[in-house]
Each structure stands twice: as structure tokens, then as C-alpha cells.
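Following: one structure in C-alpha cells, then a few remarks.
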Amino acid sequence: MSQPLSRDEFATLVKRAGLDLTQANIDDLYSAWPHIERFTALLRNPARGREAEPAHLFRPLNAEGV
């Protein structure tokens, strides 16, 4: 995993993305950033097969419950 972003680097990325957030919003997002980084590391990982994504296996019930 790469080096963690500092709060200032994170705020710069938020502004570069064009988001108009309050400092409180930026602080909230920054506190969740480590979780988001871990989650995104799982996305499009060549080591994971298609079957690792539950949405590809889910079959909703029809109106008759079958």
C-alpha cells in the first residue's frame, strides 16, 4: 500500500475534484479514507475471480417466490 495521504494532500485532492465541501465534510471524508483505500484495493484485482463478487451470483426471487 502507498504512503498515507496527509490531511492537506487530501484537502487538495478534494478541491481538485471540484467538490465544494466544508472543512467538517472534508474531515469526515478524511477519517474514512483508510477504509476507502482498503476497499478500492480489492476492486479490479486480477487475483480475484469473477465469483468473488456476490452480485454476479445473486438471483432475485420472482413474484411467485421462485
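The values are calculated or read from the model by the stated rules, or taken from the named source; none is laboratory data. Keep in mind it's a predicted model, so treat the numbers as computed, not measured. Cβ coordinates were reconstructed from backbone atoms using ideal geometry, including for glycine residues, and neighbour counts include every protein chain displayed. Surface accessibility is based on the protein's heavy atoms, side chains included, excluding ligands, DNA and RNA. Shrake-Rupley method; radii C 1.70, N 1.55, O 1.52, S 1.80 Å.
What percentage of the solvent-accessible surface of the stretch 1-40, computed with a 1.4 Å probe over protein heavy atoms, is contributed by carbon and sulfur atoms? The C+S portion of the solvent-accessible surface of the stretch 1-40 is 57 percent. Distance between the modelled labels on Glu64 and Leu19, one decimal in nanometres: 4.7 nm (7 Å Cα→Cβ projection). Each other residue within a Cβ distance under 12 Å of Ile26 adds +1 if Lys or Arg and -1 if Asp or Glu, for a net charge of -3.
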